[in-house]
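Shown next, in structure tokens, is the structure this report addresses.
The values are calculated or read from the model by the stated rules, or taken from the named source; none is laboratory data. Only a predicted model underlies this, so the values are computations on that prediction, with no experimental measurement involved. Positions of Cβ are generated from backbone atoms using ideal geometry, with glycine treated the same way; all protein chains shown enter the neighbour counts. Side chains included, ligands, DNA and RNA excluded: accessible areas come from the protein's heavy atoms. Shrake-Rupley method; radii C 1.70, N 1.55, O 1.52, S 1.80 Å.
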Amino acid sequence: MKLNNRILLPSIAVLLGLVMIFPIYLLVISSLRSETNVFDFNLLPTGFEFSNFTEAWIGSGLPRSIANSFIVSATVTAVAMIFHAMSGYALARFRFPGKAIMFAWMLSTLMVPFAVIMIPLYLITKNLGLANSYAGLIIPSIFNAYGIFLFRQFYMDFPKELEEAGYMEGLSLSGAFFRLALPLSVPIMVPLTIGFFLTNWNAYMWPLIITQDEKLWVVQQRLAHLVGGGYFTPWNVVLAAAVIVAVPTFILFFVAQKYLVEGIKMSGIK
């Protein structure tokens, strides 16, 4: 029975991995095909049209959109991690009137679909003079109750003895947070960082609403423009652009994979 499990479980894992990789494989080989045979369902490459990538990179404005997406995603992620960690720490450690009501109110925002707040959020952003700007893309995307909730749950189990030892060594309250709690928040910070970055990298609806200037377009807007930018869609170029856009996400995963595993190991700290 143990021998069968040793064979069965890895086989299932390999099969599931192949199923998930298969669409990506089709995307890559299709992006290397010519315009005439891009939709041929052939599992083997029929040619290597690297000019698709050149055209997608040079002729479509993709570099500017990638830079915009990176600026927005990196800024939102960095600022959100600091603010969410501070909010979660305050909710886990401090006692103040209305804390339970405030926490419940924050959690209730998770049940509100974006479509419900889309127009009010746009009106607020526009009235503040932030429409069609980087600030309009970044600031509304920072606040998310999900990150605050996870940080709060993490700090609920964070050992108070470490902070008390820090106070004995002369650390202030802010020093205990920034020098002890925050650096040891890697188990929750790494997956949240990846999640926030990918969410903002793949964002389409809010950038579409808040920006009209093509110079501020993010990658998803650029891809949508390539698909619907005329009577004819060069699908080989669109697929090549999609591969280029996906590369940063793959790099992020492979770079952070080690830290994800370490974070899981560290999550047992008590």
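Data for the structure
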read-out: Amide hydrogen neighbours beyond the local backbone of L171, cut-off 5 Å, H modeled; value: none
read-out: Dipole in debye (nearest 20) - segment 1-148, about Cα centre, beta carbon charges: Lys, Arg +1; Asp, Glu -1; value: 880
read-out: Hz values of 3J(HN,Hα) by residue in segment 46-57 - Karplus curve (6.51, -1.76, 1.60), Gly and Pro given as x; value: 9, x, 10, 8, 5, 5, 4, 5, 5, 5, 5, 7
read-out: Phi-based couplings in Hz for segment 107-123 (Karplus 6.51, -1.76, 1.60; Gly and Pro marked x); value: 5, 5, 5, 5, 8, 9, x, 4, 4, 6, 9, 4, 5, x, 5, 5, 5
read-out: Fraction of accessible area attributable to carbon and sulfur, the chain (%, probe 1.4 Å); value: 71
read-out: Theoretical gain in end-to-end length, L43 to V14 [0.36 nm per residue, Cα-Cα removed]; value: 8.6 nm
read-out: Positive-pole candidate from W105, V19, A165, dipole of the chain, charges at beta carbon; value: A165
read-out: [x] 7, 32, 39, 20, 2; [y] 6, 21, 26, 24, 16, 7, 1, 0; [z] 7, 27, 34, 21, 9, 2, 0, with the label sought being that of the calculated P(r) over Cα pairs in 10 Å bins from 0, in percent; value: [y]
read-out: Accessible area of segment 44-268 divided out per residue, in Å², using a probe of 1.4 angstrom; value: 56
read-out: Segment 163-201 residues near the modelled L110 label - backbone nitrogen below 19 Å, point 7 Å along Cα→Cβ; value: 187-200
read-out: Total charge dipole magnitude, the chain, about the Cα centre, Cβ charges on Lys, Arg, Asp, Glu only, Debye to nearest 20; value: 660
read-out: Residue-averaged 222 nm ellipticity for the chain, from DSSP H runs of 4+ at -39500 (n - 2.57), nearest 500; value: -23000 deg cm²/dmol
